[in-house]
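Undergrad: After the C-alpha cells below, expect a handful of questions from me.
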Amino acid sequence: MAKERAQAAALPRDPIRTGLSAEALQRAVLDNLAYVQGSLPAYATKHDWYLALAHSVRDRLLARWVASVEVFARSEVKVACYLSAEFLIGPQLGNNLLALGIENEAREAMRALGRDLDRLLEVEEEPGLGNGGLGRLAACYMDSLAALEVPAIGYGIRYEFGIFDQQIVDGWQVERTDKWLEHGNPWEIVRPQVHYYVSFGGRTEAWIDEAGRYRVRWLPSGQVKGVACDTPVAGYRVPTCNTLRLWKSEAVESFDFQDFNVGDYYGAVQAKVVSETLSKVLYPNDEPEIGKRLRLAQQYFFVSCSLQDMLHLLDLKGEPVARFPNLFAAQLNDTHPAIAVAELMRLLVDERLLPWDEAWDITTRTFAYTNHTLLPEALETWSLELFSNLLPRPMQIIYEINRRFLDEVRARLPGDEGRVQRMSLIDEAGGRRVRMANLACVGSHAVNGVAALHSELLKQTVLADFAALWPHKFDNVTNGVTPRRFVALSNPDLARLLDEAVGPGWVTDPARLRGLEPLADDAAFRERWRAVKRANKERLAGAIRDQAGIVVDPAAMFDIQVKRIHEYKRQHLNVLHIVTLYQRLRRDPDLPVAARCFVFGGKAAPGYHMAKLIIRLINGVAEVVNSDPVMAGRLKVAFVPDYNVRNAQPVYPAADLSEQISTAGKEASGTGNMKFMMNGAVTIGTLDGANVEIREEAGAENFFLFGLTAEQVRETQAAGYRPADVVNANAELREALDLIAGGRFSRGDIGMFRPLVENLVHHDPFLVLADYADYVACQDRVSSAWTDPERWTRMSILNTARSGKFSSDRAIREYCERIWAARAVPVEPGK
Ligand code: F58
C-alpha cells in the first residue's frame, strides 16, 4: 500500500491526460490516436477514433482511480465487496462521459476532429457479462456505490464470451457467439502481478504440525492461476472511482511443466487449454441447471481469487486477520458465490491457522446473502460426488459446518428431525446434493430478498426454517436501478426537462422528482412532456425499422415487454391479448380501440424450448398482424432482436405502457419495471415483486392492476386448477387458442405451437389462462385511458415524479446502513 500511495502522489498532472476542456480532449484524442493506436487522422477507422477517445476518457479517470485505491489503505475504512458471477455493465464510454460531466466537451472535441460522438458511441461492443436482472443489478449497485463515495470492489469473472448474440431467423431465435473482445477493451487494465492460485481435485491429508496442531493439507490434482482485470467504476460527478475486478484464468507454469518434464509436451499444452477454459464462457441460463462441473469450477475460481485478494489487501494494511469483518463486507449475489463461506473458512483455518470458532465468527460477520428467486427448482444444488471430486477440501469444511450447525438446530429446536433434514446443507433424498442456499444462510449474518413481497414469501416458503431459527437475520432491500444510465444517459431530452422543472439535483436525489407533481396539472408542461415522449418514440421507431424491418407509427401507444423470455413472465399472456384484439378487429374493423404498437425483446436460454417457442409465436403473430390491411393504423407487433443493455437504452424512454405481468409470487422483484416507471411509462401489472411497491408509490389510480394475488395463486393451485374449464367458459380465449393451434400464425403448420397450446390447456403451471379474462378487461381500461391524452400524460408525469424510491442509491444506502456498516469516504484526488 505504501508503494501505491507513493504512486498516487507521483501521478503526473499532465493536462493532455487530465484536462477536461474540449480543447484538452481534442489534443488528447490526437495524442492517443498516434501513440496508442499508431494511427493518423487521415487513415483512422471508426474503431481507431473510438479507442482514442475511450483511452482519453480512461486517462481522466486514472488519477481518481489511484486516489480511490489509496483510500482502501486507511485503517478505518470498510470496503464493500460485491461478489457476483455476473456484472452486466453495458457500454462504458457514454456513462463515463456522463460521470465526468464532459459529454458536451467530448462532442465538441470530436466535432472539431470531423467526427460525430454518437457514431463513435455506437461502435462500442456490449460487455454482456450477465444474463439479465441479477447481473444488471450488480452493475447498478457498483454505479451507486461510486456515486455515494463508498469504497467498493466488485468481484467477478472476466468471461471471454459473454451472453450470446440473438438473431431471429424465420421467426426463431438463433444464438451467435459474442465476440466482445474482438477489437480490444480500452476500459480494462490487466494486472498480471495481481494473481492468485486456485486448487482443484486431488485429495486431502491430515497431519500434525511442529506445534502439535491438527492440520489438513489439500493435495490438488491441478491448479489454475487467476489474473486480475480491472475496470474503473466512476462515481457521478465525484472524485471516487471504484474497481470492478474480474478474474481471468490462466495456466500455472509449474503444473504444466510437470507434464513437460516427463516428456508429455502435448499434455502440458492441453492442461494450459483446460485452465484457460475456466473463464471462457458465461453460462447462458436464467435457471441453474444440474451438474455442470465447469460452472462449479468457475464459481470456486472467482470466489477463491477474490477472498485471497481481500486477505492480501488486509495484509497490505498491516491489519490482523481478526479485523477482517471490520474492514470488509462481502455480499453474496445469489448462491453463485456461496462457496465463499467454505473458502474463507479454509483460508482462515488451513492457511492462517485460526481456531475453527474464531474463523467461523469472522466468516459469519463478513458475509451477507441476497436471494433472487422463489422458484424452488431454481435453488442451486450440486451433486455431492461432483463437489467432492472437484473440491475435496471445501467439501470437508462444509461437512464440518453442517455438523456443528445441525447440533445447534437440535439443541435449539429439539425433537424435530424433519426440520433437521430440511435445513441440512446436504440433501440426503435421492442423489445426495449440497444445498447452496442453506450454506449461504448459515454462513451469513444477514439474508435479504429483493422486494417487500419477495422477502415475506421467502420467510414463509423456501427459507422458512431459517427465518424461524434466526428471525433477526432476515431483512428486505427492495432493488433499485441507476437513474444515471437509465434516465440521464438514455433519455437526455427528459433529463433536460427534469433539470429545468425540478433542478439538476434529481440525478442523485430523485426524491426531488416529487416536485413534478404540481406540474402534472399544468397543460403547457404536459404538452412539453408529450413532445419529449414523442421524440423518443420516433427514435425507437427508427431502431425497430432498422433492426426488425417493421415500420411503426409513433402516434400509437407503445406497449412494451422487454425481459428474459420465461413462462413465469408470461409473454404468451401478452400474445393472447394481441390475438384477441386481432380477432375483434377482424370481426368489426370499425371497432374503436386505441392504436397500439406491441414491442417485445428478450433472450431465451438456448435449451429452454418453450421459451423459444414463445419467441416464434410472437414473430408468427407479428407476421400476420403486420401484413393484414385491416390492422393497418390499428395494431403492429415487433420483436426487437438481441435485447441487451445497449439496445435497452432507447426502449424505456419510448414506452407508454410497461408490461409487468408475471404470475404473482414468481418474479422476485423485477428491475425493468423501475426503469420504465422512471421514464414515465404507466404499468400494467400483477401484484408481484416490486410492482406492489411501484403501485403504492405511483398511486393505484396511476397503475393498471389485474390478476390473482400470490395467495390466490396458491389457493387456485391447491384447489386443483383445471385450465380446460377456463377455456370452455370463455369464448374469446377459446377462439384465440384455436387460432394459434390451427396454424394461423405458423403458415398453416398445425404442429408448431401444439406443445405450447397443449401445455396451457392441460397444465398451465403459471396460470396464464386463469388471469386471461382479467388481463383483457384491464387492457380495455388501458385503451380507454389512452383516448384521453391529458389524463394519460398526467399519469405518466406522476409515475416519474414518484419513482424516486427505485433509485439504486436508496437500495445501496440501505445495504450500507443495515447490512454492511459501510459508509462514504470522500476521495481527494491529488492529495
Ligand atoms: C432476477 N434473477 C429476478 N437471475 O428474476 C428478478 O426478479 C430480480 O429483479 C433480479 O434478479 C434482480 O434481483 C436473475 O436475473 C439470473 O439471471 C440467474 C443467472 C444465473 C443462473 C440462475 C439465474
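All of the numbers you see were taken from the coordinates with simple rules; none came from a lab. All figures in this text were calculated on a predicted structure; none of them were measured in a lab. Cβ atoms come from the backbone with ideal geometry, glycine included; neighbour counts cover every protein chain shown.
Undergrad: Tell me, how many Å apart are the Cα centres for the stretch 332-346 and for the stretch 81-124?
TA: Taking the Cα centre of each part, the stretch 332-346 and the stretch 81-124 sit 34 Å apart.
Undergrad: What net charge do the residues around residue 234 carry, taking every other residue with its C-beta under 11 Å from that of residue 234, with Lys and Arg at +1 and Asp and Glu at -1?
TA: Values: positive: 58, 60, 64, 237, 484; negative: 143.
Here the count lands on +4.
Undergrad: So what are the ³J(HN,Hα) numbers for the stretch 743-758, from phi and the Karplus equation (6.51, -1.76, 1.60; θ = phi - 60°), rounded to whole Hz, Gly and Pro as x?
TA: Result, ordered by residue: x, 4, 9, 10, 6, x, 6, 7, x, 4, 9, 4, x, 6, 5, 5 Hz.
Undergrad: Taking 0.36 nm per residue of sequence separation and subtracting the Cα-Cα distance, how much length would be gained by fully extending the chain between residue 377 and residue 172, in nm to one decimal?
TA: Length gained between residue 377 and residue 172: 71.2 nm.
Undergrad: Can you compute 3J(HN,Hα) from phi for each residue in the stretch 309-321, using the Karplus curve 6.51 cos²θ - 1.76 cosθ + 1.60 with θ = phi - 60°, rounded to whole Hz and x for Gly and Pro?
TA: In residue order, the calculated couplings are 5, 5, 5, 5, 5, 4, 4, 4, 6, x, 9, x, 4 Hz.
Undergrad: Which cross-chain or sequence-distant (5 or more) residues have an amide H under 5 Å from the amide H of residue 222, H modelled 1.01 Å from N in plane?
TA: Here the answer is 200, since their amide H atoms fall under 5 Å of that of residue 222.
Undergrad: Between the stretch 592-620 and the stretch 756-774, how many Å separate their Cα centres?
TA: Between the Cα centre of the stretch 592-620 and that of the stretch 756-774, the gap is 16 Å.
Undergrad: Can I ask one more? With point charges of +1 on the Cβ of Lys and Arg and -1 on the Cβ of Asp and Glu, referenced to the Cα centre of the stretch 473-614, which listed residue (573, 608, 511) lies farthest in the positive direction of the dipole?
TA: Going by the charge dipole, the pick is 608.
Undergrad: May I ask you to list the lysines whose Cα is less than 19 Å away from that of residue 805, ignoring any residue fewer than eight positions away on the same chain?
TA: 675
Undergrad: Rounded to the nearest 0.05, what FRET efficiency do residue 400 and residue 73 have when you use their Cβ-Cβ distance and R0 = 25 Å?
TA: Values: r = 35 Å, r/R0 = 1.39.
The pair residue 400/residue 73 has a calculated efficiency of 0.10.
Undergrad: Between 375, 333, 409, whose Cα lies farthest towards the positive end of the dipole of the stretch 299-412 when Lys and Arg beta carbons carry +1 and Asp and Glu beta carbons carry -1, centred on the Cα centre?
TA: About the Cα centre, the residue reaching furthest to the positive side is 409.
Undergrad: Under the rule of at least 5 residues apart or a separate chain, name every residue whose amide H is placed under 5 Å from the amide H of residue 190.
TA: 230
Undergrad: Also, quick follow-up: Using the Karplus equation 6.51 cos²θ - 1.76 cosθ + 1.60 (θ = phi - 60°), what ³J(HN,Hα) coupling, rounded to whole Hz, does each residue of the stretch 680-692 give in order, writing x for Gly and Pro?
TA: With coefficients 6.51, -1.76 and 1.60, one gets x, 8, 9, 9, 10, x, 8, 7, 9, x, 6, 3, 4 Hz.
Undergrad: Roughly how big is the stretch 357-497's charge dipole about its Cα centre, with Cβ charges of +1 (Lys, Arg) and -1 (Asp, Glu), in debye to the nearest 20?
TA: Values: 16 positive and 17 negative charges, 75 e Å.
With only Lys, Arg, Asp and Glu charged at Cβ, the dipole is about 360 debye.
Undergrad: Roughly how many debye, to the nearest 20, is the charge dipole of the chain about its Cα centre, given +1 on each Lys and Arg Cβ, -1 on each Asp and Glu Cβ, and no other charges? Working shown, then result.
TA: On the way: 96 positive and 107 negative charges, 141 e Å.
For this selection, approximately 680 debye.
Undergrad: Can you pull the one-decimal nm distance between simple spin-label points at residue 591 and residue 213, each 7 Å off the Cα toward Cβ?
TA: With each label placed 7 Å out from Cα toward Cβ, I get 7.6 nm.
Undergrad: Could you work out the helix-only [θ] at 222 nm for the chain, with each DSSP H run of four or more residues adding -39,500 (n - 2.57) and the total divided by the number of residues, to the nearest 500 deg cm²/dmol? Spell out each step's value before the answer.
TA: Details: 34 runs with 386 residues, N = 831.
So the helix-based figure for the chain works out to -14000 deg cm²/dmol.
Undergrad: In terms of modelled amide H atoms, which long-range or inter-chain residues lie less than 5 Å from the amide H of residue 635?
TA: For residue 635, whose amide H was placed from the backbone, the distant partners under 5 Å are 596.
Undergrad: Next question, about the same structure. From the Cα gyration tensor of the chain, with a ≥ b ≥ c the square roots of its eigenvalues, which class applies: rounded if a/c is under 1.5, or else prolate if a/b is larger than b/c, or else oblate?
TA: Numbers: a/c = 1.68, a/b = 1.24, b/c = 1.36.
Oblate shape, in that a/c is at least 1.5 and b/c is the bigger or equal ratio.
Undergrad: May I pose another question? If the limit is 20 Å between Cα atoms, which of 459/666; 248/612; 179/603; 563/612; 179/292 go over it?
TA: Values: 459/666 15 Å; 248/612 32 Å; 179/603 17 Å; 563/612 14 Å; 179/292 23 Å.
Check vs 20 Å cut-off fails for 248/612; 179/292.
Undergrad: Now, a different point. Multiply the residue gap between residue 21 and residue 182 by 0.36 nm, knock off their C-alpha separation, and tell me the result in nm, one decimal place. Walk me through the intermediate numbers first.
TA: Details: separation 161, 0.36 × 161 = 57.96 nm, distance 3.13 nm.
Full-extension gain reported as 54.8 nm.
Undergrad: Based on the mean of other beta carbon atoms within 10 Å per residue, what is the order of 306-318, 644-656, most packed first?
TA: Details: 306-318: 17.8, 644-656: 22.5.
Highest mean packing first, the order is 644-656, 306-318.
Undergrad: Could I ask something else about it? Could you pull out every one of the aspartates and glutamates with an alpha carbon less than 14 Å from that of residue 473, ignoring same-chain neighbours closer than 8 positions?
TA: 456, 465
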